[in-house]
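*Asks:* Quick one: the structure is below, questions incoming.
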């Protein structure tokens, strides 16, 4: 082949390869994109072990009290993007399917609202070198110090071109939460709704403060790592929330959200992702169905894994004391076999 | 605060006394004697201890003594006293204790009646002795379950810190009906054990007159269950807003089944007295009310099905597979495990004795029925000590039979097969022994209505059960 042609091909292929590599890198980020972010909040009542204090209440009721219809929330309560509310079980006659249908409808309706911008999110595990309070800042500085491990994350929101708020009237905030998946917990049966693998449980939550749409900024924050958390199951979720009525957005509306595993490649969330928040309690019976519906939503819209079931084990469970049980069976069987029969006696009257 | 271990020890002691009472009744099984003083005294001690435990629990509820975990879960300090009292039977442990107390009191009543009234003949005396023997064993089993599940555990500090005044009672339970409906229903449940005990005694010994000694108690049980179902319907209508008097709720249907079984049993016994029919099937029908009360309790208390009666939390991991979900429940609920074990063991014992009795009476398949009986008895022994494992074995077999399609349907098939297997000596052929048995009641042959009435009752039974199962 003519060397000139070779050079020409090389000159063409090298930029193409670079372009492919770059597009591949962006594909990695796009792989983390989801259509929803699912969070399960628990009440801080000291009976439910997953409740954490936040403001004057817990991570759900303290932030959303204005949305509630009676000044309080039933269990379970579903909230999509902070504005579409589904209280309790919408159809008690079909507790699971009815709930899932309502939740799905809410997510679909929010997805139709379209993406207001791109949310970049990254989370990693590192040494907690700073205040370790879980408070964020938007000044671009990294986490500060204390010597323990912490979850460090950074989020950045790039508004779409049709979204402009030069006056800052929207009062947009970035909030972030640490979420743990598959927490195994089984309380006493009388205060249990039966759920033993608790999913997408909010472990920490922080308001990272206001952001400006005019100037894209990194919000960085750190959450101290609790030793009881399973790092492999941790995710960081972040969302942008409107503080006031602004354009098509309502007060308290989550306009864009994203989540990413701690230590993962991060996510660049371009398409609309709905923030699904469910207020659940380990002692609340109907929450069984809310939790199940949340899991189904997360599998369908948020790329979550389905709880794996052991296909090999069917039903048989060996007894706790096999020797005793088998001995009892043998004795009872032998006694019956050895028992001499006796015909009816005493006449036939009843 | 009396430590729970001491109170559990009282329950164990009462169970021991009931077993000793049963042992003291053994000579009467052969000699057809009236109840011995020793047997009656031991049973009285056992009954007194059980009733004392129930009263103690009730006083703890009335005093809102939330240092006991069970009291904590079902009442609070700001709850009015009637609903505090009702909390005694609002949960699994309390309702089992109430049921046990009624059962012990019924057994004591049976014993006292047998002491006061002389039997018509030796056969009736033997039937009575068997009834007392089996009832005492049941009381012992129930008391052992009460001791095992322990209603008197101390409340955890975290619970007290979270709810310092107690968890409270479900608001929908705060109705006057709760003071009458559950105790009356549990009394009916306890009374349903009498026909079962009499029938088992008859199957084991071959003694006649079993129906006569059990019938009055069966009638009382039917009456109480009828009233109780009626009160439940009123409660549903006036208080709970379940959507009318009857909502075809799983638990309502589960409670209707023993009532239907009671009705069928009483009807069959009437036919037996008049026409001699139901000689072979009668004992089986007599056992059904008690078995179905156990089934009803399992339905009410397990939370397996979504029900307006689900006043206690389900304990399962939500598994779409109901069979697996039920096994999950058994793993965390010892009291429910007891009910399941008792259900399976009693049913297997009934089939074992029934098969053996049919073979003896019909002069057929002696060797085969002995083997079948031994297998049923072995399974009963296994179920009594390892209830969850025994039930899981049945489910596994059902799963294998249906190729994983429907364990529930498979379970129904296994039950029907077991019944057919036990009934083989009755079903195979027709011989002289059969004619002899039927010939004892010439009225049956002469009556032109007998055949029609038999069809009527069987159709009623079949259609009722099928209709209920379908709505279920």
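The values are calculated or read from the model by the stated rules, or taken from the named source; none is laboratory data. The structure displayed is predicted, hence computed values, not measured ones. Using ideal geometry, Cβ is built from the backbone for each residue, glycine included, and neighbour counts are taken over all protein chains shown.
For (1) in contact with a strand residue (DSSP E or B) (Cβ under 9 Å, 6 or more places away or on another chain); (2) within 14 Å of another protein chain (Cβ to nearest Cβ); (3) under 20 Å from residue A:36 (Cβ atoms), each residue gets a yes or a no:
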site: A:177; (1), (2), (3): yes, no, yes
site: A:181; (1), (2), (3): yes, no, yes
site: A:188; (1), (2), (3): no, yes, no
site: A:196; (1), (2), (3): yes, yes, no
site: A:206; (1), (2), (3): yes, no, no
site: A:216; (1), (2), (3): yes, no, no
site: A:235; (1), (2), (3): yes, no, yes
site: A:242; (1), (2), (3): yes, no, yes
site: A:250; (1), (2), (3): no, no, yes
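*Asks:* Could you check segment B:163-278 for helices (runs of 4 or more DSSP H) lying wholly inside it with 1 or more residues that are within 14 Å of chain A (Cβ to nearest Cβ), within 26 Å of residue B:86 (Cα to Cα) and in contact (Cβ under 8 Å) with a residue 12 or more places away in the chain?
*Replies:* Those helices (runs of 4 or more DSSP H) span B:250-275.
*Asks:* Among the residues of segment B:110-126, write down those that are touching a strand residue (DSSP E or B) at 6+ places or on another chain (Cβ under 6 Å) and closer than 16 Å to residue B:39 by Cβ.
*Replies:* B:126
*Asks:* Can you tell me how many residues within segment A:55-74 are surrounded by 21 or more Cβ atoms within 10 Å (Cβ to Cβ) and in contact with a helix residue (DSSP H, G or I) (Cβ under 8 Å, 6 or more places away or on another chain)?
*Replies:* Count: 1.
*Asks:* Take the residues of segment B:362-379 that are more than 8 Å from chain A (Cβ to nearest Cβ) and in a helix (DSSP H, G or I): which is modelled with the highest pLDDT?
*Replies:* Taking the candidates together, the pick is B:372.
Yes/no per residue for (1) surrounded by fewer than 21 Cβ atoms within 10 Å (Cβ to Cβ); (2) in a helix (DSSP H, G or I); (3) touching a residue at least 60 places away in the same chain (Cβ under 8 Å):
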residue: B:382; (1), (2), (3): no, yes, no
residue: B:405; (1), (2), (3): yes, no, no
residue: B:409; (1), (2), (3): yes, yes, no
residue: B:421; (1), (2), (3): yes, yes, yes
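*Asks:* Could you tell me whether residue B:61 is within 15 Å of residue B:146 (Cα to Cα), out of contact with any strand residue (DSSP E or B) (no Cβ under 8 Å at 6 or more places or on another chain) and free of Cβ contacts under 8 Å to residues at least 60 places away in the same chain?
*Replies:* no
*Asks:* Still on this model: Check segment A:240-256 and report whether any residue there is within 26 Å of residue A:92 (Cβ to Cβ) and under 16 Å from the mean Cα position of the chain (by Cα).
*Replies:* No, segment A:240-256 contains no residue that is within 26 Å of residue A:92 (Cβ to Cβ) and under 16 Å from the mean Cα position of the chain (by Cα).
*Asks:* Evaluate the following for residue B:356: is it at the interface with chain A (Cβ under 8 Å from one of its Cβ atoms), surrounded by fewer than 21 Cβ atoms within 10 Å (Cβ to Cβ), farther than 22 Å from residue A:184 by Cβ and modelled with pLDDT of 85 or more?
*Replies:* For residue B:356, the condition - at the interface with chain A (Cβ under 8 Å from one of its Cβ atoms), surrounded by fewer than 21 Cβ atoms within 10 Å (Cβ to Cβ), farther than 22 Å from residue A:184 by Cβ and modelled with pLDDT of 85 or more - is not met.
*Asks:* How about segment B:81-95: which of its residues are buried (at least 24 other Cβ atoms within 10 Å of the Cβ), touching a residue at least 60 places away in the same chain (Cβ under 8 Å) and either farther than 20 Å from residue B:341 by Cα or more than 14 Å from chain A (Cβ to nearest Cβ) (or both)?
*Replies:* B:86, B:87, B:89
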